[in-house]
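Here is the structure we will look at, set down as structure tokens.
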Amino acid sequence: MHMRTVVLSLVVLAPACAGEDQPLNPSTITDQSGAVFGWECDDDLRCRVTRLDESPPAPVDDCGPVLTPTFSYSWGHMIELSAVCADDEGWVSFPGWGRFVVCEADADCPTIQDDSYVCNAGFCKNVDGEQHFDQLPNRWQMELICLGDIPRYEPYEPSPELAAAIDEACPGESNDPCVSLPAGCRDPRG
């Protein structure tokens, strides 16, 4: 199993609203698997992911006795919601535990600190990266796009055919953009 370690504060500052009638942040966000989470901001403009009754469970059996199972997120061009094992220093997540935030309209996408997100091709994407909306992502993002509809904690390995299609579509280094879209994968381009 490959482990990806990400350290990020579990609480981030984010503007709560643009005005009285138009919030910058939705009250819920949805990931590729269809899981819905709460998105809460307090009076001090700190926002966090929360579990709702319909949200998937946190990874209780996988975090051991020291770390706390919960959910968090990371952001860049897109927003990834991850099940995590956390402590006061940050958190760790594993392949298969993250899913990209999806949307039907701009209002479904949150604002994180100074980063505004808009709905493009069904994914929340950073408005400052608009020049990349029509580009294919790198290999690890493509794997997440191709496998992201699988509910968390279910087997998360590509079939041999999908693995070969991803290898063909993403032949360069892992951070290089893929050159084509693997068959059967959702097109993330705007």
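The values are calculated or read from the model by the stated rules, or taken from the named source; none is laboratory data. Model, not experiment: these values are computed from the prediction. Neighbour counts run over all protein chains shown; Cβ positions are idealised from the backbone, glycine included. Heads up: the accessible areas ignore ligands, DNA and RNA and are worked out on the full protein's heavy atoms, side chains in. Shrake-Rupley method; radii C 1.70, N 1.55, O 1.52, S 1.80 Å.
For the reader, a short list of remarks on this structure follows.
- The chain - percent of accessible surface contributed by carbon and sulfur, probe 1.4 Å: 49 percent
- Environment charge at GLY76 (Cβ cut-off 11 Å; Lys +1, Arg +1, Asp -1, Glu -1): -2
- With 0.36 nm allotted per residue and the present C-alpha distance subtracted, the THR68-GLU54 stretch has 3.0 nm of extension available.
- Stokes-Einstein D for region 74-143, Kirkwood Rh over Cα pairs, 4 °C, 1.567 mPa s (µm²/s): 99 µm²/s
- Compactness index (Cα Rg / 2.2 N^0.38 Å), the chain: 1.02
- A cut-off of 5 Å between modelled amide H atoms, ignoring neighbours fewer than 5 places along the same chain, links GLN135 with GLY190.
- Accessible area in square angstrom per residue, region 144-190, 1.4 angstrom probe: 59 Å²
- Summary value for region 62-144: 20 percent relative contact order, contacts being C-alpha pairs under 8 angstrom separated by 6+ residues.
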